[in-house]
Amino acid sequence: MNSHSFPYQLYLVISEADCVGRDFLKVAEQAILGGVDIIQLREKKISSDEFLRKALQLIEITHKYNIPLIINDHIEVTKRTNAAGIHVGNSDAEPTYLRQQPFFQNKIIGYSIEYLSQLANEQTAASDYLGISPVFRTNTKTDTITEWGLEGITTIRQLTPKPLVAIGNIHLANAKDIMKAGADCIAVVSAICGADDPEKAAYELKNEILK
Ligand code: TZP
Ligand code: MG
């Protein structure tokens, strides 16, 4: 089922709202120059047309640098942009439903894990990577359930061979510990979008997890 390798270690999750006072496209480009390997556009509370408009702008940049663009929870925007994949949560469209559609057969499907019981379900089997959501509580997303912590990553690592993407309050000081606990990749919003210098922030994070 999972035919994708996941050769990404630093994952930027971006929205215009998280890049206050800045051009989110510039933030994305700087982040790529700093070492981000994969980007997710996660827009909430905007119309589908607006979401599509932003995704079409962002995919020009990700194409330029040959970086995959993942769309959060919006099937139409994923299809209309022919993005590299989609990320869904526990209460969004199911990976099994997506995978049966020809369009998604070779796309990257990410699936957030909020309960340990999800690991045994067919949704996990149908996805290409799992989001450990959140590893630490964060103000960026407050409607979360389990705070997995480092122990949670290690537990999940022992239960599945799927690539694990940790997200939630990850920054320079805890990034390496998260990888050591068993994550394959770290995903951040504010550590890059909220940094004075997004390129430098990405560069430092990448260096930290690779060393
Ligand atoms: N899913 C779980 S936590 C989170 C998402 C989208 C937000 C992470 O943001 P930050 O600023 O990196 O803590
Ligand atoms: Mg969702």
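The values are calculated or read from the model by the stated rules, or taken from the named source; none is laboratory data. What you are looking at is a predicted structure, and each value in this text was computed from that prediction instead of being measured. Every residue, glycine among them, receives a Cβ derived from its backbone with ideal geometry; neighbour counts consider all protein chains shown.
Among the residues of the range 53-72, is any in contact with a Lys or Arg (Cβ under 9 Å, 6 or more places away or on another chain) and assigned to a loop (DSSP other than H, G, I, E, B)?
Within the range 53-72 (the criterion being in contact with a Lys or Arg (Cβ under 9 Å, 6 or more places away or on another chain) and assigned to a loop (DSSP other than H, G, I, E, B)), the answer is no, since none of the residues qualifies.
Quick check: anything in the range 174-197 at positive phi and assigned to a loop (DSSP other than H, G, I, E, B)?
Looking only at the range 174-197, we keep the residues that are at positive phi, and these are 182.
Those left that are additionally assigned to a loop (DSSP other than H, G, I, E, B): 182.
Taking every residue of the range 174-197 in turn, at least one turns out to be at positive phi and assigned to a loop (DSSP other than H, G, I, E, B).
Of everything in the range 120-158, what is of a type in the set (D, E), over 30 Å from Q100 (Cβ atoms) and within 18 Å of the chain's Cα centre (by Cα)? Give them in sequence order.
Applying the first criterion (of a type in the set (D, E)) to the range 120-158 yields 122, 128, 143, 147, 151.
Remaining after also requiring over 30 Å from Q100 (Cβ atoms): 147, 151.
Within the range 120-158, E147 is the sole residue that qualifies.
Which residue pairs have Cβ atoms closer than 6 Å, lie 6 or more positions apart in sequence or on different chains, and pair a first residue in the range 136-154 that is over 21 Å from G182 (Cα atoms) with a second residue that is surrounded by 16 or more Cβ atoms within 10 Å (Cβ to Cβ) and among the hydroxyl-bearing types (S, T, Y)?
T140/S190
Taking into account only those residues within the range 39-60 that are farther than 18 Å from V88 by Cβ and polar (S, T, N, Q), which is surrounded by the fewest Cβ atoms within 10 Å (Cβ to Cβ)?
If we take residues in the range 39-60 being farther than 18 Å from V88 by Cβ and polar (S, T, N, Q), then S47 is surrounded by the fewest Cβ atoms within 10 Å (Cβ to Cβ).
Do we have any residue at all in the range 191-199 that's over 16 Å from the mean Cα position of the chain (by Cα), farther than 24 Å from A17 by Cβ and surrounded by fewer than 18 Cβ atoms within 10 Å (Cβ to Cβ)? Break it down stepwise before answering.
Residues of the range 191-199 over 16 Å from the mean Cα position of the chain (by Cα): 194-199.
Now restrict to residues that are farther than 24 Å from A17 by Cβ: none.
No, the range 191-199 contains no residue that is over 16 Å from the mean Cα position of the chain (by Cα), farther than 24 Å from A17 by Cβ and surrounded by fewer than 18 Cβ atoms within 10 Å (Cβ to Cβ).
Per-residue answers, yes or no, for (1) among the β-branched types (V, I, T); (2) within 24 Å of T144 (Cβ to Cβ); (3) in contact (Cβ under 8 Å) with a residue 24 or more places away in the chain; (4) within 16 Å of ligand 1 (Cβ to nearest atom):
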site: L12; (1), (2), (3), (4): no, yes, yes, yes
site: S15; (1), (2), (3), (4): no, yes, yes, yes
site: G34; (1), (2), (3), (4): no, no, yes, yes
site: S48; (1), (2), (3), (4): no, no, yes, no
site: L52; (1), (2), (3), (4): no, no, yes, no
site: I61; (1), (2), (3), (4): yes, no, yes, no
site: I86; (1), (2), (3), (4): yes, yes, yes, yes
site: A93; (1), (2), (3), (4): no, yes, no, no
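Tally up the residues in the range 113-131 that are under 18 Å from T155 (Cβ atoms), surrounded by fewer than 17 Cβ atoms within 10 Å (Cβ to Cβ) and among the charged types (D, E, K, R), please.
The number of residues fulfilling the criteria is 0.
Which one is farthest from L69 (Cα to Cα) among residues in the range 3-31 that are modelled with pLDDT under 95 and more than 17 Å from the chain's Cα centre (by Cα)?
G21
Select the strands (runs of 3 or more DSSP E) contained entirely in the range 106-171, then report the ones holding at least 3 residues which are away from ligand 1 (no atom under 11 Å from the Cβ), touching a strand residue (DSSP E or B) at 6+ places or on another chain (Cβ under 7 Å) and modelled with pLDDT of 95 or more.
Working: elements: 108-113, 129-132, 164-167.
Here the list reads 108-113.
Across the range 73-105, which residue is surrounded by the most Cβ atoms within 10 Å (Cβ to Cβ) among those that are assigned to a helix (DSSP H, G or I) and of a type in the set (D, E, K, R)? Before the answer, list the steps.
Step one: of the range 73-105, the residues assigned to a helix (DSSP H, G or I) are 75-81, 95-99, 102-104.
With the extra rule that they be of a type in the set (D, E, K, R), the set shrinks to 76, 79-80, 99.
On the way: E76: 11, K79: 15, R80: 15, R99: 19.
So the residue we want is R99.
I'd like to know if the range 147-158 contains one or more residues that are within 13 Å of ligand 2 (Cβ to nearest atom) and out of contact with any His (no Cβ under 6 Å at 6 or more places or on another chain).
Filtering the range 147-158 down to residues within 13 Å of ligand 2 (Cβ to nearest atom) leaves none.
There is no residue in the range 147-158 that is within 13 Å of ligand 2 (Cβ to nearest atom) and out of contact with any His (no Cβ under 6 Å at 6 or more places or on another chain).
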